[in-house]
Structures are given as structure tokens and as C-alpha cells.
Amino acid sequence: MHIKGKDLPSWLEVLHSGLRTLVGRYVGAGGSARPISKVNFADNKMSFSIPPQWENTDNNMSIEGTLQGDSLSGTGVASDGTGFTWDAHRAPLLKRTAKPVWGAPVTLFNGKDLKGWHALGENQWVVASGILRSPHSGANLVTDQMFSDFKLHIEFRYPKESNSGVYLRGRYEVQVEDSKGKEPEVGLLGAVYGFIAPSSMPAKDAGEWQSYDITLVGRMVTVVLNGVTVICNREIPGITGGAINSDEGQPGPLLIQGDHGPIDYRNIIITPAK
């Protein structure tokens, strides 16, 4: 999506509902996957509209485009009335033909400083007593290194009602949010945001340290929250809101979200596939 001089990642899924109707899902630069009740398509022309999600408006977003070969391109109007252009290409399948061979574990956070990381914006992250801390909402933080398939161990602690997230390859958010006592949902702790809900909710109280052990191979993800497997080898359909880009076939960084409230992290260890 090309809007206001910026290139922003987005994702679109179109599929049949019955014999004739096309429906879908859309992910923009922010928010989560939104259902599309009907996608109009005739003579290689497509269009759809969707209501606002987090936007402070009552207006729909409208999108139209043209299919040429394996690509789409077109124009749209955001819910705030801003026009934009866009182009899209079929996402890679990311299917692996062999089981991964794991390399040596890599400690991403040294407990002393931000070496190996950089902020996407004005930095508010600090290191204190071996803890990587965002004391207030600000910039997201990403690793300098890029990764493809990996196993990740990461520990986190949030105050009551705070929110963060761990983005795998910088594109797929595993949600971090105060969720104890709630029923599992696609927007709560343990979820791949907007796409895959956890099977249970073994969340701890706010203020306690918690942990993720995540395995990502191609699009297939397994999430272990506080020692309990809550997502088992499920396919991530596409990028989630807030992704750094939509280049899913390429390696990407680990991104931790710092723009939704105070959050602490520690013991960040990644084991990449060779």
C-alpha cells in the first residue's frame, strides 16, 4: 500500500464461499485480520469494502483493483478519506521439504546494554538489573540480525492491563497482553494476533515473569506459554498488523513491541536452523 508517501505492508486473502460468492480477510498496516463479507470480481476487476476497526470514524475503507497474471494492483480510499494506490503479489507457500537441523543457541540480549538491537524510532528502551525495559509507550525494538526458521525462548513481564508482542521475522505477532482469567481469543496472550487463538489460557498474574517457547518453520508455528503448548504446529496465513514488511519469503528480525504500554523482557535466546 502506497499512502501519504509511505509504503506500508498489507495482506489479502480471497476464497470461495459456496459456488459463486467470494469472501476474504484483510490485514492493513495496523490492527488485525478483518473479515470481508463479499469480494466482487468480474472481467479481472475486483472490489470490496470493509468497516473501520480501530479507526475513529464511521466510514468504510474501499478497495478496487485489476488482476494481471499473478498480480493485483489498484487504488483505494481509507476510512479517513485518504486515497492510496497498492500492488500485490501471491504470497510464498514457505513449505519446507526437510526437517530443520538446529544450530547453536544465540543469546540475543546480553543483560547489559542494547548491543545487537536498534529502535524503530526514538528509543525509550533501557537496560536495568539484567532486564530489557520499555518504561512507557514508544518505539518498537528489533534485532540487527535476521532469521529464517528458529526456536525462540523469551521471558516477559507486564503491569496490569499492559500490552506488547513478539514479532517472528518481524511479520507475525505472538500477542503479549494481560489475559489471566479470560477465555482464549485471537487477540489475547498466546495468540498469533488476529489469526490463531491459543487452545488454553495458562496466563499468570500481571507483575509475574512468564515465558514463551516458540518454534517457527516456514509458516508452521508452535507456541508454548508458561510450559503449556497452546498452539501446535499451525499455519500462519500471512502477516499480522504492525509487520515491518510483507516480504514473507525473506529472513527477518525479532521485533518486540514497545508502543502499547510498559513491558519488561529478559532471557531472549534464539536457536536458528542451519
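The values are calculated or read from the model by the stated rules, or taken from the named source; none is laboratory data. Being a predicted model, the structure only gives us computed values, none of them experimental. Glycine also receives a Cβ, built like all others from the backbone with ideal geometry; neighbour counts cover every protein chain displayed. All accessible areas refer to the heavy atoms of the entire protein, side chains included, with ligands and DNA or RNA removed. Shrake-Rupley method; radii C 1.70, N 1.55, O 1.52, S 1.80 Å.
Of the accessible area of the chain, with the probe set at 1.4 angstrom, what percent is carbon plus sulfur? Carbon with sulfur: 50 percent of the solvent-accessible area. Taking 7 Å steps out from each Cα toward its Cβ at residue 209 and residue 120 produces label points 2.8 nm apart.
Summing +1 for each Lys or Arg and -1 for each Asp or Glu among the other residues whose beta-carbon sits under 15 angstrom from that of residue 59 gives -2. Ordering 200, 79 by accessible surface, largest first, gives 200, 79; the 1.4 Å probe counts only protein heavy atoms, with every chain in place.
Give me the base-10 log of I(q)/I(0) for region 166-274 at each q in 0.16 Å⁻¹, Debye formula, one uniform scatterer per Cα, rounded to two decimals. Per q value, in the given order, log10 I(q)/I(0) is -0.69. Each residue, residue 75 and residue 37, gets one label point 7 Å from its Cα in the Cβ direction; the gap between the two is 2.6 nm. Once the GluC sites (Glu not before Pro) in DSSP loops with at most 10 neighbouring Cβ atoms within 10 Å are cut out of the chain, the longest remaining piece is 1-121.
So, counting K/R as plus one and D/E as minus one, what does the shell of residues with Cβ under 14 Å around residue 259 add up to? The answer is -3. Solvent exposure of the chain amounts to 49 Å² per residue of accessible area, where only protein heavy atoms count and the probe is 1.4 Å. Kirkwood hydrodynamic radius computed over the chain comes to 19.7 Å, based on all pairs of distinct alpha carbons.
Here the Debye sum runs over all C-alpha atoms of region 125-177 as equal scatterers in vacuum, and log10 of I(q)/I(0) at q = 0.14, 0.17 Å⁻¹ comes out as -0.43, -0.64. Computed 3J(HN,Hα) for region 240-251, one whole-Hz value per residue from the Karplus formula 6.51 cos²θ - 1.76 cosθ + 1.60 where θ = phi - 60°, is 9, x, x, 4, 6, 6, 10, 7, 5, x, 9, x, glycine and proline marked x. Phi angles of region 53-58 translate, via the Karplus equation with coefficients 6.51, -1.76, 1.60 and θ = phi - 60°, into HN-Hα couplings of 10, 9, 5, 8, 7, 9 Hz per residue; Gly and Pro are given as x. For the residue pairs 6/38; 112/204; 99/151, the C-alpha atoms sit more than 19 angstrom apart in 6/38; 112/204.
3J(HN,Hα) along region 42-52: 7, 6, 6, 10, 10, 7, 6, 9, 9, x, x Hz, from the Karplus curve 6.51 cos²θ - 1.76 cosθ + 1.60 with θ = phi - 60°, whole Hz, x for Gly and Pro. Here the translational diffusion coefficient of region 1-149 follows from Stokes-Einstein with Rh set to the Kirkwood radius across Cα pairs; for 25 °C and 0.890 mPa s it amounts to 129 µm²/s.
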